[in-house]
Amino acid sequence: NQQQPIEPPTTELEGRLHELWTEVLDHKTIGINTDFFQAGGHSIKAIKLLSRIESELSTRIDLKHFYETPTIKQQAAYIETLNWVDNAPACEEQDELII
């Protein structure tokens, strides 16, 4: 079983998430593609991490999305999408969609 190399954070957001993950998991060898649950995470640690993300990054991720995005890279992309949607210009007409 060949182990994948530990890929370090490449963005500021990935760096912040990496800090939170290492604190919650008490595990220093985590890369941005490491699966939270394979690194020793479980539901209680996930809830603790989500609480820290909400308080420190002002972003709320529900538990369902956490299970769907179990890596730092996926969570950073999800948070960036949430932030983009929150900051997107409002549409003049309700049936208009800006993509």
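The values are calculated or read from the model by the stated rules, or taken from the named source; none is laboratory data. Computed from a prediction, not measured in an experiment: that's the story for all the values here. Here the Cβ is made from the backbone with ideal geometry for all residues, glycine too, and neighbour counts use every protein chain on show. Areas reflect the complete protein model, heavy atoms only, side chains present, ligands, DNA and RNA absent. Shrake-Rupley method; radii C 1.70, N 1.55, O 1.52, S 1.80 Å.
A simple spin-label model places the labels of HIS27 and HIS65 2.3 nm from each other, with each point 7 Å out along Cα-to-Cβ. Sorting ASP26, ASP62 by solvent-accessible area of protein heavy atoms yields ASP26, ASP62, largest first, with a 1.4 Å probe. In loop segments of region 38-67 as defined by DSSP, the trypsin sites (Lys or Arg not before Pro) with at most 13 further C-beta atoms inside 10 Å of their C-beta are ARG60.
Region 1-44 and region 57-85 have Cα centres separated by 14 Å. Between ILE6 and ARG52, residue separation times 0.36 nm minus the direct Cα-Cα distance comes to 14.2 nm. Taking a ≥ b ≥ c as the square roots of the Cα gyration tensor eigenvalues, region 15-82 comes out rounded, since a/c falls below 1.5.
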